[in-house]
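Okay, structure first, notes after.
The values are calculated or read from the model by the stated rules, or taken from the named source; none is laboratory data. Note that this is a predicted model, so its numbers are computed, not measured. In this analysis, Cβ positions are derived from the backbone assuming ideal geometry, glycine residues included, and neighbour counts consider all displayed protein chains. In case anyone asks, the SASA skips ligands and DNA or RNA and just uses the protein heavy atoms, side chains included. Shrake-Rupley method; radii C 1.70, N 1.55, O 1.52, S 1.80 Å.
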Amino acid sequence: MGSRKLTVMRTDSLARPAGCQVLFISRSERERVPQILAAVKGSPVLTVGDTKGFADDGVIINFVLEGSKVRFEINTDSADRAGLKISSKLLQLAKRIVPNPGARPGP
């Protein structure tokens with residue numbers, strides 16, 4: 001098994017997402033999610049969040065609390081658009097699979 005170098009960067013600017021492979025979007029960025037996703041559109045960037053509704057908004061993997069357990073949701077359309085393939089084993093473990101971002105049911 002090979003080793004990989006991990007570099008963690010904190011940024012408040014979307015000007016340079018190039019080279020980023022995983023982008024965590026924090027709860028504090030709730031209002032900016034559309035702009036953040038637009039900044040990485042077409043790039044093979046795995047977007048990750050931990051806020052209710054983020055998977056519906058287009059974030060690829062969203063962690064959610066279910067009681068005292070951490071589960072995750074996967075947005076397969078967003079993964080496809082980013083050119084990322086989600087393994088079938090990971091899909092089986094997901095709490096919920098969101099096929100269409102922004103397709104929230106109306107009131």
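The condition of being among the acidic types (D, E), free of Cβ contacts under 8 Å to residues at least 12 places away in the same chain, open to solvent by 20 Å² or more (accessible area, probe 1.4 Å) and out of contact with any Cys (no Cβ under 7 Å at 6 or more places or on another chain) holds for only one of D57, D80, that being D80.
Looking at the stretch 1-39, which of the residues that are of a type in the set (S, T, Y) and at pLDDT 90 or above is nearest to S78 (Cα to Cα)? Walk me through it before giving the result.
Initial filter on the stretch 1-39 (of a type in the set (S, T, Y)): 3, 7, 11, 13, 26, 28.
Checking which are at pLDDT 90 or above leaves us with 26, 28.
Values: S26: 18, S28: 21 Å.
It comes out as S26.
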